[in-house]
Amino acid sequence: MGLHNSLLPLKPTPVTLVGHPIKKRVFEQALEVGPLFGRLVHAVSQDHDYIRAALKNVSDPFTVRLLSIMNEVDKEGEKQHLAMGIHRSDYMIHRGEKLQQVEINTISSAFGALSHQMSSFHTHLIHQWGHLKDGKASEHLNHGLLSRAALPNPSLAQIVDLFGSAVYQYCARVHKPQRSKKTVAVLMIVQPGERNSIDQRWLQYAMESKHQIRLLRHCLSYVDTNATIESNGTLVLDGFEIAVAYYRAGYTPNDYPTESQWNARIKVEKSLAIKCPNIAYHLVGTKKMQQVLALPNQVERFLTNPDESSAVRSCFAGLFSLDEGDKGVDEVIKKALEHPHAYVMKPQREGGGNLLANEEMVEALKTMSPKRRSDYILMERIEPEAHRSILFRDSQYTITPCIAELGVYCLMLADQTDEIVNNSDGWLLRSKPESVEDGGVAAGRAFLDSPYLY
Ligand code: ADP
Ligand code: MG
């Protein structure tokens with residue numbers, strides 16, 4: 001399985017040693033709009049024809065395969081109508097004032113546990129340094145250090161409670177009126193050689209202690225070989241009945257090196273387990289969908305309350321289709337070639353390391369065939385303010401101007417008619433040196449951080 005070997009040697013997550021300033025008003029806006037993004041994703045996920053139409057020109061084989069799974073499940077009829085989302089809506093704050101969404105992640109949104117720890121870590125350091133007379137790092141900080149105490153971040157507790165609610169709902173709906181003969185468990189699907197296992201283990205231990213939930217951690221290939229579906233649709237693995245299948249893998253084509261991994265994905269998708277996310281949620285998180293929803297009247301189609309749709313829309317930066325033949329494609333390409341610094345280009349990929357900017361973007365726009373270009377979108381560049389920070393990685397610290405990306409966890413448990421859980425009180429803050437274009441802690445570019453509000 002590769003899981004045991006991956007535990008050694010452990011490599012600490014890169015972190016900042018001081019928090020990043022964020023305007024209180026903007027931070028509160030990010031938390032307030034979170035449930036609306038949860039509602040939007042859920043509403044879109046219910047409309048599979050809309051998803052098919054939005055992604056019809058995408059030729060990227062990975063997205064096409066995900067679509068084919070949705071179509072296959074549609075033919076058989078979905079067994080489990082409860083959908084569970086641990087989405088993370090990521091923002092950068094344009095010039096320190098304007099909340100602008102970078103993307104929304106609907107699969108494998110990581111760091112819920114470690115970001116909770118970052119608040120305590122920063123508060124601890126501030127208290128240590130606040131009392132040091134000649135602490136080296138503190139020389140580089142502004143005055144008023146103690147006022148920077150980090151906000152307690154409820155991300156971990158809320159995610160754990162979401163699992164509690166999902167397992168409860170599964171049992172109440174599937175087993176009613178009898179209890180299951182098997183022990184019910186959550187299955188966390190992870191990558192072989194998983195590098196972010198501490199974040200995952202923390203979640204596991206918190207689930208065990210708070211809700212007495214048993215959690216199994218396995219790779220897709222293990223699920224393919226060992227999981228079975230019973231006649232009523234129950235997913236069974238190693239004698240446990242899987243109430244929730246939670247993906248911390250499966251978001252990149254690299255996670256599907258053989259048909260075995262795809263078989264596992266299909267098996268889970270066709271089962272009675274609650275999927276976090278189900279295939280429709282996964283597809284709603286694609287970059288192309290983000291661009292399509294930003295078109296006129298699209299968000300409004302799903303969020304019919306105008307206050308809600310305009311609150312969501314106010315977070316959109318300019319997003320542009322590069323689909324062959326779509327309105328305005330030639331004009332936006334011309335603009336991007338004239339002002340490359342004002343745009344970035346993104347493929348249908350997750351996990352960092354895929355962004356095209358500056359010369360790379362220009363080269364791609366000039367040389368890509370129109371068909372290949374349809375797998376990308378163009379986006380207006382967001383320009384966050386840089387603030388000096390202390391970055392700590394591999395036992396070394398560097399002091400440098402940094403820009404931050406704020407992610408808000410949008411936690412959802414809903415069926416076709418009811419929202420059972422929809423809250424967004426926890427966050428993740430990541431910072432990177434101002435000069436670095438792409439992000440991602442796992443991709444080696446960003447550092448876990450925490451906000452302090454002003
Ligand atoms: P991924 O799925 O790879 O995380 P993102 O859309 O989050 O894709 O882009 C990766 C990184 O690129 C972000 O973390 C951010 O640092 C940078 N980025 C993305 N979109 C923009 C933008 N519009 N303006 C400036 N930087 C961006
Ligand atoms: Mg991202």
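The values are calculated or read from the model by the stated rules, or taken from the named source; none is laboratory data. Since the structure is predicted, the reported quantities are computational estimates derived from the model, not experimental observations. Methodologically, a virtual Cβ is constructed for each residue, glycine included, from the backbone with ideal geometry; neighbour enumeration extends over all protein chains shown. We work out accessible area using only protein heavy atoms, side chains counted, and drop any ligands, DNA or RNA first. Shrake-Rupley method; radii C 1.70, N 1.55, O 1.52, S 1.80 Å.
Summary table
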item: Residue that is open to solvent by 60 Å² or more (accessible area, probe 1.4 Å), closer than 24 Å to GLU97 by Cα and either touching a residue at least 24 places away in the same chain (Cβ under 8 Å) or of a type in the set (Gly, Ala, Ser) (or both), where the choices are ARG381, ARG393, ARG388; result: ARG388
item: Residue satisfying all of: in region 412-439; over 15 Å from the mean Cα position of the chain (by Cα) and of a type in the set (Gly, Ala, Ser); nearest to ligand 1 (Cβ to nearest atom) among these; result: SER431
item: First in region 344-367 and at negative phi, second anywhere and assigned to a helix (DSSP H, G or I) and within 12 Å of ligand 2 (Cβ to nearest atom), Cβ under 6 Å, 6 or more apart; result: LYS346/LYS287; GLN348/LYS287
item: Identity of the residue in region 343-375, farther than 30 Å from HIS20 by Cβ and in contact with a Leu (Cβ under 7 Å, 6 or more places away or on another chain), that ends up surrounded by the most Cβ atoms within 10 Å (Cβ to Cβ); result: SER374
item: Complete set of residues in region 184-208 that are outside any helix (DSSP H, G or I) and not aliphatic (A, V, I, L, M); result: GLN191, PRO192, GLY193, GLU194, ARG195, ASN196
item: Test: ARG445 is in contact with a strand residue (DSSP E or B) (Cβ under 8 Å, 6 or more places away or on another chain), open to solvent by 10 Å² or more (accessible area, probe 1.4 Å), within 13 Å of ligand 1 (Cβ to nearest atom) and in a loop (DSSP other than H, G, I, E, B); result: yes
item: Output for region 209-240, where each listed residue is open to solvent by 10 Å² or more (accessible area, probe 1.4 Å), in contact (Cβ under 8 Å) with a residue 40 or more places away in the chain, among the small types (Gly, Ala, Ser) and assigned to a loop (DSSP other than H, G, I, E, B); result: GLY239
item: Qualifying residue in region 411-426 (condition: at pLDDT below 95, of a type in the set (S, T, N, Q) and in a strand (DSSP E or B)); result: no
item: Those residues of region 179-203 which are β-branched (Val, Ile, Thr) and within 17 Å of the chain's Cα centre (by Cα), in sequence order; result: ILE189, VAL190
item: Residues of region 73-83 satisfying the condition of being part of a loop (DSSP other than H, G, I, E, B) and open to solvent by 60 Å² or more (accessible area, probe 1.4 Å); result: GLU78, LYS79, HIS81
item: Residue ID - least open to solvent (accessible area, probe 1.4 Å), chosen from residues in region 91-115 that are within 15 Å of ligand 2 (Cβ to nearest atom) and out of contact with any Phe, Trp or Tyr (no Cβ under 9 Å at 6 or more places or on another chain); result: TYR91
item: Of all residues making up region 424-454, the number that are of a type in the set (A, V, I, L, M, F, W, C) and away from ligand 2 (no atom under 12 Å from the Cβ); result: 6
item: Among the candidates GLN100, GLN117, GLN128, residue that is under 29 Å from ALA311 (Cβ atoms) and not aromatic (Phe, Trp, Tyr); result: GLN100
item: Candidate set from region 33-72 (those that are farther than 30 Å from ASP425 by Cβ and not in a helix (DSSP H, G or I)); member that is most open to solvent (accessible area, probe 1.4 Å); result: LYS56
item: Checking GLU331 against (1) touching a residue at least 12 places away in the same chain (Cβ under 8 Å); (2) under 17 Å from GLN291 (Cβ atoms); (3) open to solvent by 40 Å² or more (accessible area, probe 1.4 Å); (4) away from ligand 1 (no atom under 16 Å from the Cβ), the condition it does not meet; result: (1)
item: Unmet criterion (only one of (1) charged (D, E, K, R); (2) within 16 Å of ligand 2 (Cβ to nearest atom); (3) at pLDDT below 95) for ARG88; result: (3)
